Amino acid sequence: MRLILIFITFFLCNYSSSQDLVGAWKGSFTDYSGNVTIGLRIELNSDSSLNIHSYTLANNLYGHDSIIICKVNVLKNKKGVLNLEEIDTTHSSPIGLQKMYLKYKLKDGNPILEGIWKPAESKSIGHGYISFAKLPD
């Protein structure tokens, strides 16, 4: 009985931390060209895993604004740490796919994710600071 109670408590703690992440996040990261706008859409699957997509505003080959959409894999989601890796994209970007190493914090009572990003592929260049603020539901 005690083991079942411990399991339920563990599950609810993980569920509530994942629940805090669910929603839309707006942020930016720095790269060689300056600040770049990025967003995350985080959804909770029925098995308590996270379904995440990133949306990056960039210029296409013709210099027009374009939104690069990436499927994001969760590398780690424990104790206020969220590590993500972009694994698939709608089209290529000069920056390439990213790995994001984020920490969940409250700033003035509002949830934020902040940390660093690095290229997901060894042939890509760049790295820098990245941060997100959760948008109201």
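We did not get these values from a lab; they are worked out from the coordinates using the rules stated. These numbers come from a predicted model, not from an experiment. Cβ: placed from backbone, ideal geometry, glycine included. Neighbour counts: every protein chain shown.
Under the combined filter of DSSP loop state and at most 14 neighbouring Cβ atoms within 10 Å, the stretch 48-137 retains these chymotrypsin sites (Phe, Trp or Tyr not before Pro): 62.
Taking each of 71/107; 78/123; 78/107; 103/123; 71/105 in turn, the alpha-carbon distance tops 22 angstrom for 71/107; 78/123; 103/123; 71/105.
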